[in-house]
Each structure stands twice: as C-alpha cells, then as structure tokens.
Amino acid sequence: MSNNIIHTDLCIIGAGPVGLFAVFEAGLLKMRCHLVDVLPQVGGQLSEIYPHKPIYDIPGFPEIKAQELVENLMEQIKPFDPGFTLGERVEKLEKLENGIFAVQTSDGTVIHCKAVVIAGGLGCFEPRKPEIENLLNFEGKGVNYMVKDPEVYRDKKIVLAGGGDSALDWTIFLANIAKEVTLVHRGDTFRGAPDSAEKVFKLAEMGKINLILSSHLMKINGNGSLQSVHLLNKAKEEITLDADYLIPLFGLSPKLGPIADWNLNIDKSAISVNTEDYSTNISGIYAIGDINTYPGKLKLILSGFHEGALMAQSAFKHVFPDQKLSFKYTTVYGVNSF
Amino acid sequence: MIQFTVIDRNGESKEVEVPEDINLNLMELLKAAEYDILATCGGMALCATCRVDVESGLEQLAEAQDQELDMLDTLPDAQTVSRLACQLRVNEQLQGIVIRIKGDLA
C-alpha cells in the first residue's frame, strides 16, 4: 500500500503502443502523463503475446518487430518523462468534487489527474469460468481459478477441470501435495505438451490421481463451503466426487473488468466514443485504441495513434481550461522536453 | 461461389453465398454479415469468442494449428467439432458445411 498520491495531468490506463504514443501527443501540448498497466512491463499485447512477430502496417516502417516498435515508442516519449505503475490493475475511478479524477489500483496506488485516457486494448485477461449454476456462491469458498499457494491444498481433496497445459501441470504438481487429486476433462485426449499428458496418464495408472475423461462439470454442492462436485459423463451418468476444492483451469479470456462498472457507454465489450475527439459519455474520460468502438472502427495500431492525437487536443481543455490551444508542427517547433 | 449454412444463436439457419476471392477469414465474414459475435481479439486466436461448432463438413476443413488447438483445449464447453472462425479461411473448403455460432458474448 502506498499513501503517496501521484499527481499528473493525464492518467493513461494501458501501456500498450497506443497508450505510449498518447504520451507523445500529450507531451507536445505540455501535458504530463502517468501510465498504469496490469502487466509487469510496457508494450501490452505486443510485448506479452507477440514480441517477435513482424508488423507491416506501421507508416514508415515496411516491417518492424512488435517489441522493436515498443522500444521505439519508449524512446520517442522519453522527453516527456512519463510515470509508470506496472503490474497493478486499475480498480476504481471516481470524480472528486474539485473536478479531479482519482484512479485507484489493485495495490492501493492512487493517481489524481485532470483527464483519464483508457487505452486498455483487449482489457484484462481473466479466468474463463465454466457454466455451473451456483459457481459464484462458492468462489473463494472452495472454487479457485488459479493456484496461488499450493500449500492450501495439502491433504485436501481437489478436483481440477480442464484440458490445457495448466490443468496438466497443476495435476502433476498437486498429486504430491493433496490427499486426492481428480482431473476432469471434456475430451478423451490431451493436445497439450505430450510430456505432461504422458505423465498424467502414468499417474492415473499408478493410482496416484483419478483421471476422468469425456466428462464435464455439471453442478457443485456444499454447505457454506464446497463439499462435492458432480460430473456428467458421455453416457449421461452422473458422477459425484467429494471435494474440498474445485480448480477450473479453462484459460484466460479478455474482459473489460472494472471498466465495465464506470457508467461508460459500452457496446459489445468496447467503449463507445465520439470520433471528434475520442471522448466517452463522461466528460474528461477518453478511450483510444482497441478498447473503443465507433462506426467504421478498425482495430489497428495506426488508428489508435490517430485517436491519441485527437484525444490530446481535446484533453487540453481539461488540463489547461484557461489557455487557448494553438496547433504546432514538430518540424517547426521541435520536441521540447519537460 | 462458396455456399455454406450458418445457424445463429436463435437456431435460425441461413444459406450464405460468397465469392471465392473474398479473402476473409470466417470470423470477419460473420461479423460483416452482422452475426452476433464479439471477436474481441481481432483474429489472434486469443479470446475464442468467435467459436463455431461445425455440424457438417468438419473433415473438409484444414486441420487446426497449435495455437487454435491450445485455445480450444482450454475452453470449458468446446466439442470435438468446435473451431475458431478466425482461424478458418473462407475458401472452397467451406463449400456446403454447416456451422453453428457458439462463442461467449461477455
């Protein structure tokens, strides 16, 4: 927990390419920026998912590797000395009485700013949940979507569900810790790492784990906390397992997360904006890049760059309400660092 | 022309006809035809919101690559007939197939 409030002009949520370039456009207009990203490094998808893949549609670069583009952007915004809060997810956004926005992260970092720029890309990656009626009632009371501390499961009866690498890996790992491990998979084969799949089959043969294939989760029961998991197999027979914990491991899917609760106009998991300045329905909050939507929207980095430029021109009036904005070319005036 | 059948979320079945040289993937085509899919990740096999179940003609399609298989493997409700529309090119392989729109809407 940090008690020091960070003060800035623009708080940019998301440090992907579009969030980074917004710092440049804001900097030209003398606006200071602070970026927040849930990932531990800058670059968003480019650094996290495809750092070595080439991108062919950045103007002026016939071909550039994703990570190289991120590095170039970091170089480009250096004169404007942005602040970074990485590895923390933005949880709360509120407008204070003096018109200042207060942005709060999962780790308690608080940023006060004059305008908020949401450049969140695909959103946050959250665990994909199976469709079980009373699943939510047992979250944190026996249902966990990730293994944070394996010791929690020592000498417990656990059921893991899923067929991907993480389901296989955790089954192997927890086989030595838990009292009883059951892995439930909808299919009858595993397409994940062959080594892990082989190990899981071997553990099942040795009786160290209980492997139930061609079956899926049907319901869960308990009294306050989880007590049993019910499956349905291919023959439509119900299987009941006593369980202290159920760990569904169905991968991560991109979600808007807390942003969805900020009273912004949302259309199909994207934030609706006015294309004049990429403002949202709340004055002082902008959305740029893949997270916004408008008629004709193209999810391209270059579109996000354009959106950032127009956003900055508009955000200026929130940061410097008494000043008149005059448009200047970098070729004429250069880039004047802070 | 390539013709195939799309069953929407309400169970309504429609014939789709597109030229051979359309040069789109199936997700892009479904979006363009205003079918109800999110396609959050824009075709990178990351979100699985463009999942379809191939009810007929699965064997005609090019086999799924690792990235698509990895994603399908993690889904709680994927079937052996499930594919990601973003990983399927719209070409003659789709001739006569029947798909049902499935991916998550939230």
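Please treat every number below as a calculation from the coordinates, not as lab data. As the structure is a prediction and not an experimental result, all values here were calculated from the model. Cβ placement follows ideal geometry from the backbone for every residue including glycine, while neighbour counts extend to all protein chains displayed.
Things to note:
- Estimated FRET transfer efficiency (B:N10, A:T275; beta-carbon r; R0 35 Å; 0.05): 0.60
- Chain A - mean residue ellipticity at 222 nm from DSSP helices (-39,500 (n - 2.57) per run, n ≥ 4, rounded to 500): -6500 deg cm²/dmol
- Range of Cα positions in the protein assembly as shown per principal axis (Å), largest first: 73, 61, 37
- The range A:222-234 - phi-based ³J(HN,Hα) in whole Hz, Karplus 6.51/-1.76/1.60, Gly and Pro as x: x, 10, x, 10, 5, 10, 8, 10, 10, 10, 10, 8, 4
- Spatial separation of Cα centroids for the range B:31-106 and the range A:213-243, in angstrom: 28 Å
- DSSP beta bridge pairing in the protein assembly as shown, given as percent antiparallel to the nearest 5: 55 percent
- Nearest 10 degrees, 0 to 90: helix A:194-205 Cα axis against chain A principal axis: 30 degrees
- Residues in the range B:15-25 carry Karplus couplings, in order, of 7, 10, 10, 9, x, 4, 9, 5, 6, 10, 8 Hz; the curve used is 6.51 cos²θ - 1.76 cosθ + 1.60 with θ = phi - 60°, and Gly or Pro positions show x.
- For the range B:31-38, 3J(HN,Hα) per residue [Karplus equation, 6.51 cos²θ - 1.76 cosθ + 1.60, θ = phi - 60°, Hz, x = Gly/Pro]: 5, 4, 8, 6, 6, 7, 9, 7
- Taking chain A, the Cys residues with no second Cys beta-carbon under 4.7 angstrom are A:C33, A:C124.
- Straight-distance crosslink candidates among aspartates and glutamates, where the alpha carbon sits under 18 Å from A:K179 and sequence neighbours closer than 8 are dropped: A:D149, A:E151, A:D155, A:D169, A:E205, A:D242, A:D244
- Top of A:A260, A:A193, A:A243 by mean-square fluctuation, Gaussian network on chain A, Cα under 10 Å: A:A193
- GNM result for chain A, Cα springs below 10 Å: residue of A:M31, A:M146, A:M206 fluctuating most strongly: A:M206
- Against chain A, whose longest principal axis is taken from its Cα atoms, helix A:17-28 shows a tilt of about 20°.
- Fully extended contour minus Cα-Cα distance, from A:S337 to A:D261, at 0.36 nm per residue: 23.7 nm
- Distant-in-sequence amide contacts of A:F84, defined by a placed amide H-H separation under 5 Å and a gap of 5 or more residues or a different chain, comprise A:L35.
- Using a simple spin-label model with pseudo-atoms 7 Å out from Cα toward Cβ, A:E198 and A:E151 lie 3.4 nm apart.
- DSSP beta bridges in the range A:129-250 [antiparallel fraction, %, rounded to 5]: 50 percent
- FRET efficiency for the pair B:Q60 and A:K92, taken as 1/(1 + (r/R0)^6) with r the Cβ-Cβ distance and R0 = 56 Å, rounds to 0.65.
- Bridgeable aspartates and glutamates around A:K53 (alpha carbons under 18 Å apart, same-chain partners fewer than 8 residues away excluded): A:E63, A:E68, A:E71, B:D66, B:E68.
- Rounded tilt (10° steps) of A:66-77 against the dominant C-alpha axis of chain A: 40 degrees
- Residues with amide H under 5 Å from that of A:K156, placed H, sequence gap 5 or more: A:K179, A:E180
- Protection-proxy order for peptides A:58-67, A:315-324, each taking the mean of Cβ atoms within 10 Å per residue, highest first: A:315-324, A:58-67
- Calculated P(r) tail over 16 Å for chain B, as whole % of Cα pairs: 52 percent
- Note on the protein assembly as shown: dipole from Cβ charges, positive end direction compared against A:G162, A:H306, A:I212; the farthest Cα belongs to A:H306.
- Note on the range A:132-174 and the range A:1-72: Cα centroid distance 34 Å, given to the nearest whole angstrom.
- Label-zone membership for the range A:238-259, site A:S228, 7 angstrom Cα→C-beta point, backbone N under 19 Å: A:238-247
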